[in-house]
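What follows is calculated from the coordinates using simple rules that are stated; it is not laboratory data. Because the structure is predicted, anything quoted here is derived from the model rather than measured. Cβ placement follows ideal geometry from the backbone for every residue including glycine, while neighbour counts extend to all protein chains displayed.
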Amino acid sequence: MARYNREIVGHRGTTDVITLSWFDDPEGLFPGDPELLLIVNPDAAAREGAVRADSSYAREMALYIVHGMLHAAGEDDLEESARLSMRAAETRLLTALDREFSFAELFPEKKLRS
């Protein structure tokens, strides 16, 4: 994930999710290509889910997907006010999704790589 983060985003270190969106330029795609690609880091989800009392691997995976989709929808979290707005949207969406889906069934517990 650190390599993807460096090569695609130009950032150093690892991250939880990388969002690649072509919504603004769909003409640049070949027929059948996705307009959105999320690269999710399951190892980060396992680590964070294990140490955060209010989370789990499954909840972290759901959070990373919601976070990535919010980026694709134009949300940003680089500045404090935008970050607070994005966190509120994440909470709202995760609460709604949690009513409809079992995150634990969607994302069975993952063991960390050694």
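Computed extension length for Phe101-Ala73: 7.9 nm, one decimal, from 0.36 nm per residue of separation with the Cα-Cα distance subtracted.
Just to be sure I understand: if I project the alpha-carbon convex hull of region 3-65 onto a plane and average over all orientations, what area do I get in nm²?
5.4 nm²
Go ahead and run the numbers for FRET between Arg52 and Asp25, Cβ-Cβ distance against an R0 of 41 Å, rounding to 0.05. Calculated value: 0.65. Comparing His71, Phe101, Leu37 along the charge dipole axis of the chain, the residue lying farthest to the positive side is Phe101, per the Cβ-charge model.
How high is the relative contact order of region 5-113, in percent, with contacts defined as C-alpha pairs under 8 Å that are six or more residues apart? Could you put the intermediate results ahead of the total?
Values: 123 pairs, mean separation 26.3, N = 109.
Relative contact order, region 5-113: 24 percent.
Among the listed values (i) 1.65; (ii) 1.13; (iii) 0.99, the one computed from these coordinates for Cα Rg over 2.2 N^0.38 Å is (ii).
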